[in-house]
1. For Asp193, what is the net charge nearby, where nearby means another residue's Cβ is under 15 Å from its Cβ and Lys, Arg count +1, Asp, Glu -1?
2. Is the shape of region 455-528 best called rounded, prolate or oblate, per the rule: a/c under 1.5 gives rounded, else a/b larger than b/c gives prolate, else oblate, with a ≥ b ≥ c the square roots of the Cα gyration tensor eigenvalues?
3. If one computes the Cα centroid of region 540-571 and of region 418-438, what distance in Å separates the two points?
4. With the crude spin-label approximation of a point 7 Å out along Cα→Cβ, what separation in nm comes out for Ile617 versus Thr225?
5. Could you please state how large a percent of the accessible area of the chain is carbon and sulfur, counting protein chains only and using a 1.4 Å probe?
6. Express in nm, to one decimal, how much length is gained between Thr355 and Asn536 on full extension, taking 0.36 nm for each residue of separation and deducting their alpha carbon distance.
7. With the other protein chains left in place, how much accessible area per residue, in square angstrom, belongs to the chain at a 1.4 angstrom probe?
8. Counting only helical runs of four or more DSSP H residues, what would the 222 nm mean residue ellipticity of the chain come to if each run contributes -39,500 (n - 2.57) and the total is spread over all its residues?
Amino acid sequence: MHNKFITTKLTSREDGAALLAAIFVALVIAGVVGIALNHTQGIGKQVDTSRDYSDLRFESEGALETAYGIWLKAANAKYGPPNSADIDSTVRGPTPPTANSPFNFPYASGGQLKIDVVDDYGAPLPTTTSTLPAAVYVDLPEYPGWKGVKFSYTASVKLAKSSASSAQTYGLKRTIEYVSVPLFQAMGFFQDDIEFYKPAPMIIAGLVHTNHKAYMSGGTTTALTFQNNTSNVDGYTSTEYPTGATAWNNSGSNYSPVFSNGGQSAQVNTVSTLYPLGTRPESVLSTTDSNPNNDSMRELIEPPVAGYADDPAIADRRLYTKAGIIVKITGPASVATNITITTQNGVALTAAQITTIKSAITAQTITDRRENKTVDVSTVDINAIRSTLSAATGFTTNGVLYVYDTSSSGASDPKAVRLKNGGTLPPTGLTVVSENPIYIQGDYNTGSTSATVNNVPSNNGGNPSNTDSPVVSGYTKAPSAVIGDAVTILSNTWNDSNSANALSSRPASSTTVNTAIVTGNIPSGWDPDSNSATNNSYGYSGGFNNFPRFLEDWTNDSFTYFGSMVQLFTSKTFTGEWDTGAIYAAPNRAWNFDSSFLATPPPGSLDVVTRTRGNLIRF
């Protein structure tokens, strides 16, 4: 019995333990299930939150792209940076729109999409301002050596999304910068390739830039020296040569230039394009449509053709549009009725002043040996109109004189404008522009009053070391530019009656010119009839050193130059192939960059534009 009791007791204990174990297991399972359910719900909430976050992020990024598009449209619709009034009112200013967000999610409180004009510290400027604040030049790290005027903006947006599991907001902002970069801060700015091939010894001071490729080589180890930075978009080479260059001169070796301010690695930079129209040229220029107002960057020197659209990126930069005084010649300038003078942009002339200007324009015919053509020339006596320009209402603040001869039918019948007796200019500056080629005869902007009284120091001894003053004592160079289809320099001793004679009968004398030059060129390998099958392609262009044209024997004489040389297009009227031979003998080139142009730019100065977007910043 004792044993039976013991056995029964043990069995009951075992049953109880089993029950307890079962209950424990059930509790553990229930706990695990509960934890799993809670964990699953947490994961679901996290997934929802992550999805909301991603949706808002992508939508906010898209909103800022929309804002940049709106800003870009405003920037392209005017000459210069857009101010608050130019930017679409639906994205400007602190007042939220009454309508819902145009995006998939509503704006968060105070999170309307907007673009603010901001100061240097990012603080919004008054949204009612009609003009941007005065700006100063800043260095451009992405373009070493260059300066620009920077205008800043901030685009921002904050969107909201609510779901059953969360409420999210997401704010983004980014900076936008518009930088206006004056063209005349460079000794040489070329839209197309810039070429130096075995020039006579040259020392280039000032910046040099090309929006394409830079070919730079000298015929000796010291023939070509750059004292400042050079930049290119499509590469730099001293071992490849421009089309036709070796056919012109293949004697001796080619040498890399001397870079005297840090060496090639410091002075040669590959950069992004600097856009002369404020936007990508291909976005506004077309030769395939019927619009004659958007064919090339030569539009900058042409009048617009009436009856056709004129894209704002071009229209506001046209020098014809910027001019204060327009002189239109419709036949020989010796006939007064062939000259029409109009004014615009706040400039006014009296009847007597108009008569004075007309009387200062005369007609001649010369032979241009490079074009191998007879050219009808309208000569403007600058000294005869200088006092009139200085006294004309409004012209001292405008300063752009546009002169053109519409009777030309193009390269087959060239007409040109000549500037003569331009030693002394209006002190506030003068820019002369023409769609025709321009000749500059004699000293220009030097203070001299006559070619026969040659008192410019740089002319007296030939200026072989480029140290003599380019102005008469007491004269201050005026801000000046000459802009045309092609620019040819005629010396102080040029004589029209000798223009068709042999080179030996066209002797030059040392001459000094102080002005910016904007003009076209004929590129290396250019096809004059645009038909490769005829194999009429030209050879070497003559390069940067022959960018200004010459027609005389300059042997042992100097052409002293202070200014800035800019090429933006291919010449259309003067299309003769470059060569020396019977055309000219090169001068001693005493060339200098005019560093005063940043502080006192010539009237109507052109600019190039850079635009940048900063990184996205969450707030």
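1. Working: positive: Lys213; negative: Asp192, Glu195, Asp234, Glu240.
With Lys, Arg at +1 and Asp, Glu at -1, the net is -3.
2. Details: a/c = 2.15, a/b = 1.29, b/c = 1.66.
It is oblate, given that a/c is not under 1.5 and a/b is not larger than b/c.
3. One Cα centre to the other: 17 Å.
4. A separation of 4.6 nm, rounded to one decimal place.
5. Working: 14100 of 26830 Å².
For the chain, the apolar C and S fraction of the accessible surface comes to 53 percent.
6. Extra length from Thr355 to Asn536 when fully extended: 60.4 nm.
7. 43 Å²
8. -6000 deg cm²/dmol
The values are calculated or read from the model by the stated rules, or taken from the named source; none is laboratory data. For clarity, every value in this text was computed on a predicted model and none was experimentally measured. Positions of Cβ are backbone-derived with ideal geometry, glycine not excepted, and every protein chain shown enters the neighbour counts. Heads up: the accessible areas ignore ligands, DNA and RNA and are worked out on the full protein's heavy atoms, side chains in. Shrake-Rupley method; radii C 1.70, N 1.55, O 1.52, S 1.80 Å.
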